[in-house]
Amino acid sequence: EMVTVYEPKSCEPIADVTRDFAYQLQLQGTGKLRDGRVLNIWGQCACPAKPCFKVTENQWGTAGTGKPLQPFRTVAVDPKVVKLGSLLYVPLLEGRTMPGRAPWGGYVHDGCVIADDTGGGIDGHQLDLFVGKKAYYVGLRSAHGGSHAWARHVPVFDGSKMCERKGRRVG
């Protein structure tokens, strides 16, 4: 069954997608259409179907701060707990090889991430690491016996002293 996703201001249809894709798009916040366009959730609107979505030029989508999402660097946080734009240090990531190929994967992580995004399911002291692709997610899991149990209770520290922004990157 197909559903239409809409642009928020004009309520113009963007595309007809499967109900499952629309659900995942709403849950994940970003998705890529078959024609290559990348959609980001926009939020409530006056259109026939809610929420609305916006086409973005950013390869991976746009974070809640308006900055491009970066696999293995962007994290979603509760802005009542962590200020958006904050540099964070996650020791559990340091020394881990990120799945995938350069420039997004294939490197040893330094533990530095940036709190550029929010999420509907993020409440309180939670953090959600943006990985970009399902294959990257599976790669992180398979490195630990197919489980994410290693990442359930993770210490996170203020990274402002040990991490820095390098243009559009964090390191």
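The values are calculated or read from the model by the stated rules, or taken from the named source; none is laboratory data. As the structure is a computational prediction, the values presented were derived from the model and not from experiment. Cβ sites come from the backbone with ideal geometry, for glycine too, and all protein chains shown count toward neighbours. Just the protein is used for accessible areas: all its heavy atoms, side chains included, with ligands, DNA and RNA removed. Shrake-Rupley method; radii C 1.70, N 1.55, O 1.52, S 1.80 Å.
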Output for the range 1-58, where each listed residue is of a type in the set (Lys, Arg) and surrounded by fewer than 13 Cβ atoms within 10 Å (Cβ to Cβ): 9, 19, 34
Between residues in the range 29-50 that are of a type in the set (Val, Ile, Thr) and residues that are in a loop (DSSP other than H, G, I, E, B) and open to solvent by less than 80 Å² (accessible area, probe 1.4 Å), which pairs lie under 6 Å by C-beta distance while being six or more apart or on different chains? 30/61; 38/61; 41/29; 41/51
Residues of the range 32-78 being among the basic types (Lys, Arg) and under 12 Å from the mean Cα position of the chain (by Cα), which ones? 67, 73
Looking at 100, 105, 95, 61, which one is open to solvent by less than 20 Å² (accessible area, probe 1.4 Å), more than 30 Å from residue 10 (Cβ to Cβ) and at pLDDT below 95? 105
Just to be sure I understand, how many residues within the range 38-65 are in a loop (DSSP other than H, G, I, E, B) and polar (S, T, N, Q)? 4
Residue in the range 114-127 that is modelled with the highest pLDDT, counting only those that are among the hydrophobic types (A, V, I, L, M, F, W, C) and open to solvent by 20 Å² or more (accessible area, probe 1.4 Å): 127
Could you tell me how many of the residues in the range 66-114 are β-branched (Val, Ile, Thr), under 13 Å from residue 170 (Cβ atoms) and in a loop (DSSP other than H, G, I, E, B)? 1
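To keep it simple, each residue is scored yes or no on (1) farther than 23 Å from residue 22 by Cβ; (2) open to solvent by less than 40 Å² (accessible area, probe 1.4 Å); (3) free of Cβ contacts under 8 Å to residues at least 24 places away in the same chain.
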{"residue": "112", "(1), (2), (3)": "yes, yes, no"}
{"residue": "129", "(1), (2), (3)": "yes, no, no"}
{"residue": "135", "(1), (2), (3)": "no, no, no"}
{"residue": "140", "(1), (2), (3)": "yes, yes, no"}
Which pairs do you get when a residue that is touching a residue at least 40 places away in the same chain (Cβ under 8 Å), found in the range 82-105, comes within reach of a residue that is open to solvent by 20 Å² or more (accessible area, probe 1.4 Å) and polar (S, T, N, Q), reach meaning Cβ atoms under 6 angstrom, with the pair 6+ apart or on two chains? 87/160
